[in-house]
Structures are given as structure tokens and as C-alpha cells.
Amino acid sequence: MTDITLAGRYHILKPLGSGGFGHTFLAEDLFLPGHPRCVVKKLQPQSTNPQVLEVARRLFNREAEVLYQLGSTVNRIPRLLAHFEQDQEFYLVQEFIEGHDLSQELTPGKKYPESWVKQFLLDVLEVLSQVHQRHIVHRDIKPANLMRRQSDGRIVLIDFGAVKEVGTLIADNRGETAIGTQIGTRGYMPIEQFRGQPRLSSDVYAVGVVAIQALTGLPPSQMEDFDTGELHWQRHAQVSPTFCAVLEKMVHPDWRQRYPSAIEALQAVQELTTATPSLEPTAPVRAPIAPTVPLATMQTVRPVTPATPAKSPSSRGLPCIAWVFIGLGLLGAAFVGLIVLVALFYEEPADLSTPEPIVKESPPPEPTPDSPTGLFGAIAYNNVDGVYGYGYNFPDRASAEKRAIQECERVSGGKPCEVMVWFQNACGALARDSRNYAGSGWGTTPDVARREALASCQSVGGADCVVVETICTKNQ
């Protein structure tokens, strides 16, 4: 597909890449002066079923809107210039980033020092934090999707995964639309994403894997334990214990044990860099230098003892023992007075102990009108440790709530959990703050559920509430 013009405007110059989700091309915009270069991405559903195409169209328009908002507000994400449909194929036109992707830097066997990797993390997590603040998951972070911009050397995030779903849609045996291929890249994709439930912490995992790849010079496939999902990398790199702990938390197999989002991961790396002592050389401390005056000229100066004034007869007074008894008497009187004052004015002190974290459940949702049966989901929470669990895509509410409680109590080590929210043919969300104050919400879309959860958390006094979980049923 070269030397053709799409939408009468975008002239294809050459292919840039292709995959299971579509094709990418370098093009030029014939409508603008100088014909500036741009990137065109073609997404084609794997089925021509009219129902599949209709779902693809809605998904494409929705994700294009997300990309437009991101590119317009975040500096290091390519701007969306246009999106259109032509011959049952869907096209995105994005800003062309002059530079190279990190797969050209992270070559096999090449190890980078800890200082380089820390700077890499600061750079990537800074822009990813802005994405996560909007509750958007990239879903396909890997070296090939991290561009080193030629103009300033900064990292640019490209190729967001959600819009790729357009190219994975198929019709199943019942003629219903389904996703045929999971979005993500093996080795950089954690287990929960592989199971179809990507989270913000899934992106944190992928960034951590890329950082470890830079430290070790090894691809993820040579470090991953496929039975446990753990990465065995420490013996291949020399890093400080504190930095090792941050990386281990970023790539923990259990998403509950990771940093919830890039925001927290960025803060952890920033604390490492600010806590690192300065490596600048300092001037040596010199011992005092002895005087070089010749001994013959040095003189010994004797201290002058001041004369002791003679005592006059009038200076005699009471004996010392008398003054001692007088002092003890005054001290005793003061002590008795203090006891009397305390007895008169003492009040019970206010209870200053830390209050128990407050949680607020969402009102039960109404079933979606056009799906009276549908599927149920639920989220359970333990307000002592701040852990949670979920169940989704169950045929009844009781089963979803049971699974959510089981998952939560498994993570909490058997401590009791309670259901915060249940939902049918909808999405549920949980928000909490650093003190484990929590609130929940539900809605017909993930964004609505997140807004409700944040509002609920803030209504119970949450100071720095963030959404830590969003779950949707398949019929949502």
C-alpha cells in the first residue's frame, strides 16, 4: 500500500510497520503548505459482519476522541490530526515524531548503569503519570513504543493499545462480536492484562520490565518464570538495594502489590534521586597548622588570678543550713499549690487516637433496562489494610459478591472484608486515600464509575483519593 492517497489528502510514502492489529505508514499531508509528514495507521476488523463493523465504528470513534484529548493536552504524546473510515477500514492520522524508538538503544547484551535507568524512569513515568491521571491505560508499553524525540531527547509515548481493539474484533460462533486477540506484548504484559483485565498498574509493570531490560541487557523472555510470573534478574545487574526494591515492586506478579499507577511509581523514583548523596568531590578537611614562630621568640604567658575581695563583717548572715531549710519549705508549698490547681482545673483529655478508616458504600445499582438478566460484578474491601478483591461476569449477585470477598480475604491474610459495590451490566470502581478512607461507585461506563467512586471517597473525608480499581462486566 504505497503511492496512493487516502481521503484525497494523505499520500502514502512508505510502510513503517505492521502487526496483528493493522499497518502503519509514513505519509504526507497534501492539503498543508510544504506537505508535512504524518503517520497513518490502518485498522481493519477481522470480520466483515455488519454487527462487527458497527461495534468497531463505535469503538474507533470513542478511542479516537481519547487520543485527540491526550495529544492536545500532553506534550509527549503524538497529536491526532484526523480519523476517518474508508472502504470498511479505519484510519488514524497522527503527528510524525522525528527520532528513534528505544529498541535501537536496548540491544541484547548492552547494560546501562543505574543512573541512566533512573533518568529513563523519571522521563517515562512523568508522561505516563499524565495519562494515568485521566484513568487511561496504555496497554502496550515496550521499547518499540517509546520514541526518543530527536529535538530534545525526551521520551514520547506512541501506539496506545485500546484503539487496536478495532483490528481484533471478530464474530463468534453465535454471531456476536468478540475480541479475537488480547492487546499487549508477551514479556511486557502482566498476568491480569493477559486475562483481559488491564489496569493502570499493568503499565507500571511494563515500564519496570523495560528498566530491568536496560540494566541486564536481557530480553524479558530470558528472565521470566512462566510458572510464577516472577522476573529473576537481580544476579544479572548491580543496583543499590533501595532501587532494587522499587523495581521489584513495579514488576510484582500480583497487581495488588505494585504501585497503583505511574503517579506513585514516579514519586518513589523521585525520592531515590533526591535522597542520593552528592557525588561531587569536596575539599579535604585540614588539621590546624602549628605556628612557625621560632622558639626563642615565643613567650609563656601566665594567667592572671584576680584578687579575691576581702569579706567585710556585714557580709555574714544566716548559716547555710538555715537557707537550705527555707528553700525546702518554699518548694513544698509550691508543690502543694500545684496539686490544688490541677485538681480544680483538670479536664479529661480529648481522644487523640487515630480514627478508624471510613468507608462508604455506593447505593445498589439498578439493572440495565435492556438486559434484565445480564452479568454481575462486585468489589470487596478491607479498611484496615486497604486491600480489596473483585468478582465479575457472574450470573447472579451472590456469586459475584462471594468471589469478591474470597479474593479480598485471601490478599488480607484472612482478615474480614465487606462488599463495597455490586453492579449488573455496568462498571464498578473503588477509590481510597493514603489513610485507607474509601468510597465506591458504579456506572454504565468506566469514567462514570470512577467519578462516583472519587466523589464517594471524598465525601467521607478522603484527602488524596485515587481510583485503585475499575471492573466492568462483559455485557457493559
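The values are calculated or read from the model by the stated rules, or taken from the named source; none is laboratory data. Keep in mind that what you see is a predicted model, and the values were worked out from it rather than measured. Here Cβ is always computed from backbone atoms with ideal geometry, including for glycine, and neighbour counts include all displayed protein chains.
Some observations on this one:
- Selection count where residues are under 17 Å from Arg199 (Cβ atoms) and buried (at least 17 other Cβ atoms within 10 Å of the Cβ), scope region 439-464: 7
- Residues within region 197-240 that are without any contact (Cβ under 8 Å) to a residue 60 or more places away in the chain and in contact with a His (Cβ under 7 Å, 6 or more places away or on another chain), tallied: 2
Residues are listed down the side, and each one gets a yes or a no for (1) touching a Lys or Arg at 6+ places or on another chain (Cβ under 7 Å); (2) within 30 Å of Tyr381 (Cβ to Cβ):
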residue: Gly208; (1), (2): no, yes
residue: Ala211; (1), (2): no, no
residue: Thr216; (1), (2): yes, no
residue: Pro220; (1), (2): no, no
residue: Asp225; (1), (2): no, no
residue: Ser240; (1), (2): no, no
residue: Lys249; (1), (2): yes, yes
residue: Ala265; (1), (2): no, yes
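- Considering only residues in region 369-382 that are at pLDDT 85 or above and not small (Gly, Ala, Ser), the one that is farthest from Ala453 (Cα to Cα) turns out to be Leu375.
- Checked against the criterion of being in contact (Cβ under 8 Å) with a residue 60 or more places away in the chain and more than 30 Å from Ala214 (Cβ to Cβ), the candidates Val40, Val55 yield just one match: Val55.
- Out of Gly389, Gly461, Gly428, Gly443, one residue alone is under 23 Å from the mean Cα position of the chain (by Cα), over 25 Å from Pro253 (Cβ atoms) and not charged (D, E, K, R). It is Gly461.
- Hits in region 7-59 - residues which are among the aliphatic types (A, V, I, L, M), crowded, with 18+ Cβ neighbours inside 10 Å and touching a Cys at 6+ places or on another chain (Cβ under 9 Å): Ala27
- Residue match in region 24-38 (condition: at pLDDT below 85, assigned to a loop (DSSP other than H, G, I, E, B), more than 18 Å from Gly184 (Cα to Cα) and in contact with a strand residue (DSSP E or B) (Cβ under 7 Å, 6 or more places away or on another chain)): no
- For region 462-476, a residue qualifies if it is aliphatic (A, V, I, L, M) and not in a strand (DSSP E or B), and exactly one does: Ala463.
- Residue count, region 219-234 (criterion: among the hydrophobic types (A, V, I, L, M, F, W, C) and under 15 Å from Leu106 (Cβ atoms)): 2
- Among (1) under 20 Å from Gln257 (Cα atoms); (2) in contact with a Ser or Thr (Cβ under 8 Å, 6 or more places away or on another chain); (3) surrounded by fewer than 20 Cβ atoms within 10 Å (Cβ to Cβ) - the single one Ala429 does not satisfy: (3)
- Sub-8 Å Cβ pairs linking a first residue in region 241-257 that is more than 16 Å from Ser115 (Cβ to Cβ) and modelled with pLDDT under 95 to a second residue that is surrounded by 16 or more Cβ atoms within 10 Å (Cβ to Cβ) and among the hydrophobic types (A, V, I, L, M, F, W, C), at least 6 apart or interchain, are Asp254/Val411; Arg256/Val387; Arg256/Val411, ordered by first then second residue.
- Filter result (hydroxyl-bearing (Ser, Thr, Tyr) and not in a helix (DSSP H, G or I)) within region 229-253: Ser240
- Cβ-Cβ distances below 8 Å connect no pair with a first residue in region 135-147 that is assigned by TED's automatic domain parsing to the domain that holds Ala429, a second residue that is not in a helix (DSSP H, G or I), and a separation of six or more residues or different chains.
- For region 379-404, residues that are surrounded by fewer than 21 Cβ atoms within 10 Å (Cβ to Cβ) and among the β-branched types (Val, Ile, Thr) total 1.
- Put simply, of Val419, Val387, Val468 the only residue that is modelled with pLDDT under 85, in contact with a helix residue (DSSP H, G or I) (Cβ under 7 Å, 6 or more places away or on another chain) and among the β-branched types (Val, Ile, Thr) is Val387.
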